[in-house]
Every structure is written in structure tokens, then in C-alpha cells.
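Novice: Structure in C-alpha cells, see below.
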Amino acid sequence: MSRRLLKSTGIVSVMTTLSRVLGLVRDVVFANLLGAGGNTDAFFIAFKIPNFLRRLFAEGAFAQAFVPVLTEYKMHRSEAEVRSLVQNAAGTLGGILFVLSVLAAAASPVLVMLFAPGFEPERFDLTAEMLRITFPYLFFISLVALSGSILNSFGKFAVAAFTPVFLNVVLIAIAIWGAPYFDQPVVALAWGVFIAGFVQLLFQLPFLKRLGLLVWPKWGMKDEGVRRIGKLMLPAIFGSSVAQINLLFDTIIASFLVAGSVSWLYYSDRLVEFPLGVFGIALATVILPSLSKKHAESDPKDFSRTLDWALRWVLVIGAPATVGLFVLSGPILTTLFHYGEFDIQDVDMARLSLMAYSLGLLGFIGVKVLAPGYYARQDTKTPVKIGIIAMVLNMGLNIAFVVPMVLLGIEGPHSGLALATACSAFINAGLLFRGLRKEGILYLLPGWGLLFVRVLVASMVMAAVLVWGAGEVSDWLQWSLWERVSNLAVWVVLGTLAYFGVLVVLGMRVRELMGRLH
């Protein structure tokens with residue numbers, strides 16, 4: 001069981017790594033050409049709004065509700081009924097989002113007011129103009145999420161994981177070759193978002209056809225399966241997307257801070273998203289169909305074993321990723337972004353928020369892995385209750401951290417927003433974990449205490465190696481591109497070797513890391 005899941009996770013991780021690497025290349029291009037000023041803030045908001053709703057409705061709530069129902073249909077219904085469910089779900093989701101996209105494009109100034117109320121008139125108008133172009137991305141990418149959920153349910157994980165590559169390729173091409181033809185170069189990026197959504201959908205259609213599930217969408221709100229999906233989806237909209245809602249609150253408050261705050265948070269969040277996507281989301285993507293199947297088979301023991309296995313990997317991989325991002329925040333930002341319009345101040349400010357975000361990485365990954373433990377059992381109410389608690393606490397922490405920093409004139413108040421989000425992630429993950437334990441769904445197998453001690457010691461050694469070797473950010477600023485890249489690569493490798501070397505010295509064996517933990 002563990003080896004099969006690990007293999008699937010590895011496939012998704014490889015494909016996601018390719019996408020994330022191209023995403024970093026995309027952000028390097030953005031930073032070099034646009035920097036972190038007001039116009040860049042405007043684009044990031046115009047992109048963030050449909051992207052936020054994508055994660056909220058499509059990849060968040062819809063996928064969590066759709067996969068368990070589809071898995072149940074696969075196991076207990078005929079092929080014709082499975083096709084009918086896909087047809088009705090696609091038509092209903094597509095119809096709702098098409099209407100929503102039209103209305104949102106017409107009301108773009110209202111949405112900008114909600115998401116970035118602190119923007120001055122010029123930046124506000126530019127954001128509203130670009131939002132009219134980017135919002136249809138929600139329609140395309142939600143259908144991409146639907147088809148990706150189908151492919152994942154049939155074990156075709158690589159296709160869905162590879163699809164985001166096209167977003168990055170299109171945006172890079174538009175930024176380099178299209179932007180110079182626009183009076184406002186960032187507007188070209190808005191069109192790139194629109195085009196990328198359409199391209200990603202086209203890419204997945206042939207794979208659906210091979211499964212025999214490329215069907216013409218049909219409005220099916222009265223369909224039994226669609227109604228069940230809708231019933232599960234409504235509370236899941238909130239429960240599965242608390243982290244995104246928290247990031248949204250960060251953006252709203254950041255719009256009132258100094259120009260560039262939105263961009264600094266964006267770049268630091270993107271770097272945290274790299275390990276989160278490569279490992280956390282990949283792991284969550286793989287275990288949801290597996291957990292749904294085990295629930296449908298009434299196999300609670302294996303259900304718990306799968307969650308226990310996933311949580312061990314969260315600790316083993318998440319801990320060194322946290323240490324690396326925190327200690328190497330300055331060198332990473334300098335190596336990737338300190339070119340062109342992205343100046344020294346941008347590096348310093350983004351470093352503060354990256355360090356704060358990195359502290360919450362284990363919490364972010366934990367939420368991704370623990371939430372499927374509820375959704376696979378078609379329980380969407382409990383994560384909602386937990387999400388409300390985490391969101392309210394996040395807002396309180398935003399005020400508690402940011403307001404004093406602003407009043408006292410402390411540099412980088414935007415980092416307080418990142419720290420509040422990190423704390424909220426741990427609270428969310430902790431409450432999800434406690435709920436699964438309390439309900440008797442998750443039983444931790446022996447060995448956790450020893451595993452925690454091993455990881456703690458290995459992480460401390462890794463941190464010491466990186467602090468000793470990486471040096472000061474001021475040194476990195478003086479180096480050439482090649483010197484930065486080579487030094488960063490060296491210390492990432494040495495830090496990783498130190499971490500896993502200590503784990504081996506302390507008794508952890510390869511067979512444990514490969515899934516034979518039980």
C-alpha cells in the first residue's frame with residue numbers, strides 16, 4: 001500500500017516540480033521586467049482574484065466533494081452512470097462559472113474594491129481593467145480541475161500534475177515577447193492568463209477521451225450525484241480553503257501598506273508554495289482517491305494507516321524544507337530575483353515575509369494531508385467549524401502583529417501578515433488532527449516519538465550547517481549570477497546531505513523512508 005502511494009506521489013511530485021521550476025522562472029522574468037512596484041501589485045491582484053476563486057471552488061471545494069462521489073460511482077455503479085455523472089457535473093459547474101465570469105467582468109471595480117481597497121485611483125483602474133481579462137480564467141481552469149479530478153480518480157496523476165506547466169510557459173512567452181507591444185506591459189500578462197486557461201483545458205481533453213469520459217456537458221442540477229456533490233461542496237468551500245482566505249486577508253491589509261507590499265508577499269508566498277506543491281499537494285492529491293476507496297470498502301484500519309503514513313512523510317520532508325527556506329531566505333531571493341527592477345530593498349522586504357511564511361510550512365502541508373481524512377468520508381461540516389476558528393484567529397493575529405509594527409515604525413509590517421498566516425495554519429492543522437483522533441478515525445502507530453527526535457536533531461544539524469556556510473546576504477548581493485547559483489546549489493545539497501545523513505546515523509533506514517513504516 002505504502003509503496004504504491006509513494007510511487008504515485010513521486011510521479012505527481014516530479015511533474016509538479018517541473019511546473020514549479022517553470023513557475024520560478026516565470027517569477028524571475030516578472031521580477032526582472034516589472035520589479036515590485038504599483039503596476040506589478042495591480043497585476044498580482046488581477047491574477048489573484050480568479051486564482052483565489054479557483055482554489056476555493058475548483059481545486060478546493062469541488063475536487064474534495066467530487067472525487068469521493070466519483071470513486072463511489074466507479075465502485076458501485078455502471079460505466080453509463082459514471083459517464084452521466086461526469087456529463088452533468090461538467091455542465092452544471094461550467095454553466096455556473098460561465099455566468100459568474102460574465103457578471104464578474106462587468107463588476108470588476110467592485111471586486112477590486114473588495115480585494116484591494118487601499119489602492120489609489122490609478123492603480124485601482126489598472127487592476128479593474130486587467131481583471132476583466134483575467135477573470136474568465138476561472139471558467140477554464142475550473143473545468144481543468146474537473147477533468148484533473150477524473151484523471152486522478154482513475155490513477156492518471158501525471159497528466160493533471162503536468163498541466164500547470166502550460167500556464168507558466170504561456171506567461172513567460174507573453175512577458176518576453178508580448179509585453180513590449182503594450183503601453184502597459186502588465187496588461188499583456190493579463191491576456192497571457194486568459195490564453196493559458198484555454199490551453200490547459202485543451203491539453204487534458206485527449207486524455208479524457210482515452211478513458212471514454214470526454215462527454216458533452218449537460219446541465220444537471222437535478223441529478224442525484226450532482227446534488228450530492230453540491231451538498232458536500234458548499235461547506236467545503238470554506239473548510240478546504242482557509243489558507244487561501246487567510247492569504248486574501250493578507251492582501252487586503254497589504255493594499256493599505258507601502259507600495260510593493262503585495263508583491264513582496266507574492267514572491268515569498270510563491271517560494272513557500274514550491275515545497276508545498278511539490279510534496280504537500282502531491283501527497284494530498286494521491287491519498288484522497290485512496291482514502292475514498294478505503295472508506296467505500298469499509299476498511300477503517302487501512303484508512304488510518306494511510307493517514308499515519310502520510311503524516312510521517314509530512315514531518316520527514318516538511319522539517320528540512322522549513323529550515324532551508326528560513327535560513328536561506330536571503331540567498332534564495334537574491335539568486336532568483338535580484339536583477340533588473342527588483343532592487344536590494346525588495347530583497348530585504350521579501351526576505352522578512354519569506355522567513356515568516358516558512359515557519360508555517362509544516363502547518364500548510366498538514367492541512368493538505370489531514371483534510372482528505374474528512375472529505376474522503378464525505379464529512380465537510382467538521383473542517384468548516386475548524387476553518388472558522390482558524391480564520392478568526394488569523395484576523396486577530398493580523399491585527400496583533402501588524403498594527404504595533406506600523407505604529408512603532410518597525411520595518412516590514414507586511415511580514416506580520418505572513419507570520420499570522422503561518423500561525424493560523426498550525427492551528428488549523430492541529431484542530432483537524434485532534435478531530436480525527438477524537439472520532440477514532442486516526443490511530444498513530446508506534447515509532448512517532450523516536451521519529452520526532454530524529455527529525456529534530458537532524459534539522460538542528462542542518463540549520464547549523466547552513467548558518468555557518470551561507471554567510472551574509474550582503475555577500476550574495478556582490479556576486480555574479482553564476483556565483484549565486486553555484487553557491488546556492490552547493491549549500492542546498494550539503495544541507496540536505498547533513499539532514500538525511502544524521503537521520504541515517506540515528507537509525508532511520510531507507511526501507512522506512514520508502515514506506516515500510518509499519
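All of the numbers you see were taken from the coordinates with simple rules; none came from a lab. Predicted model only: the values in this text are computed from it and were never measured. Cβ: placed from backbone, ideal geometry, glycine included. Neighbour counts: every protein chain shown.
Novice: Mind checking which lysines have their Cα closer than 19 Å to the Cα of K48? Skip sequence neighbours fewer than 8 apart in that chain.
Specialist: By straight Cα distance, K48 reaches no lysines at all.
Novice: Right, here's the next one. Which value, in debye to the nearest 20, gives the size of the charge dipole of the range 2-513 about its Cα centre, when Lys and Arg are +1 and Asp and Glu are -1 at the Cβ? Before the final figure, lay out each step's value.
Specialist: On the way: 39 positive and 31 negative charges, 504 e Å.
The dipole magnitude comes to about 2420 debye.
Novice: Let me ask something else. Which ³J(HN,Hα) values in Hz, rounded to whole numbers, follow from the phi angles of the range 410-427 under the Karplus curve 6.51 cos²θ - 1.76 cosθ + 1.60, where θ = phi - 60° and Gly and Pro get x?
Specialist: Values per residue, Gly and Pro as x: 6, 5, x, x, 4, 5, x, 5, 5, 5, 4, 5, 4, 4, 4, 5, 5, 4 Hz.
Novice: What does the highest-first list of 369-380, 391-402, 423-434 look like by mean Cβ count within 10 Å? Write out the running numbers ahead of the final one.
Specialist: Details: 369-380: 24.2, 391-402: 17.3, 423-434: 21.7.
Ranking the peptides 369-380, 391-402, 423-434 by packing returns 369-380, 423-434, 391-402.
Novice: Continuing with the same structure: Any aspartates and glutamates with Cα under 18 Å of the K385 Cα? List them, leaving off those in the same chain fewer than 8 positions away.
Specialist: E439
Novice: Could you work out the local net charge near H76, counting Lys and Arg as +1, Asp and Glu as -1, over the other residues with Cβ closer than 14 Å to its Cβ?
Specialist: Values: positive: K74, R77, R228, K293; negative: E72, E79, E81, E224, E297.
Neighbour charge sum, excluding H76 itself: -1.
Novice: Output ³J(HN,Hα) for the range 144-155: one whole-Hz value per residue in order, computed from phi by the Karplus curve 6.51 cos²θ - 1.76 cosθ + 1.60 with θ = phi - 60°, and x for Gly and Pro.
Specialist: Once rounded to whole Hz, the list reads 4, 5, 4, 5, x, 5, 5, 4, 4, 5, 9, x.
Novice: Straight-line reach from K74: which lysines have Cα under 27 Å away, leaving out those fewer than 8 places along the same chain?
Specialist: Candidates past the 8-residue exclusion: K7, K156, K209, K218, K222, K231, K293, K294, K301, K368, K381.
Novice: Another question, if that's okay. Determine the sum of side-chain charges near Q204: Lys and Arg each +1, Asp and Glu each -1, restricted to other residues whose C-beta is under 13 angstrom from that of Q204. Write out the running numbers ahead of the final one.
Specialist: Details: positive: K156, K209, R210; negative: none.
For residues surrounding Q204, the net value is +3.
Novice: Add -39500 (n - 2.57) for each DSSP H run of 4 or more in the chain, then divide by its residues: what number comes out at 222 nm, to the nearest 500 deg cm²/dmol?
Specialist: Numbers: 25 runs with 406 residues, N = 518.
Computed ellipticity for the chain at 222 nm equals -26000 deg cm²/dmol.
Novice: Just add up the charged neighbours of T127: K/R +1, D/E -1, any other residue whose Cβ is under 13 Å from the Cβ of T127. Write down the numbers at each step before the final one.
Specialist: On the way: positive: K48, R123, R132; negative: D41, E120, E122, D125, E129.
Charge balance in the 13 Å sphere: -2.
Novice: With unit charges on the beta carbons (Lys and Arg positive, Asp and Glu negative) and the dipole taken about the Cα centre of the range 2-513, which residue among V25, A42, V402 sits farthest to the positive side?
Specialist: V25
Novice: Express the relative contact order of the range 317-475 as a whole percentage, based on alpha carbon pairs under 8 Å and six or more residues apart in sequence.
Specialist: Working: 144 pairs, mean separation 53.0, N = 159.
After rounding, I find 33 percent.
Novice: Just to be sure I understand, if you calculate percent of Cα pairs over 46 Å apart for this structure, which of (1) 18; (2) 9; (3) 24 do you get?
Specialist: Entry (2).
Novice: With contacts defined as alpha carbon pairs under 8 Å and 6 or more residues apart, what's the relative contact order of the chain in percent? Can you show the working numbers first?
Specialist: Values: 765 pairs, mean separation 112.9, N = 518.
RCO, the chain: 22 percent.
Novice: Through the Karplus equation 6.51 cos²θ - 1.76 cosθ + 1.60, θ set to phi - 60°, convert the phi angles of the range 116-125 into ³J(HN,Hα) values in whole Hz; use x for Gly and Pro.
Specialist: Karplus values, whole Hz, x for Gly and Pro: 9, x, x, 5, 6, x, 5, 5, 4, 5.
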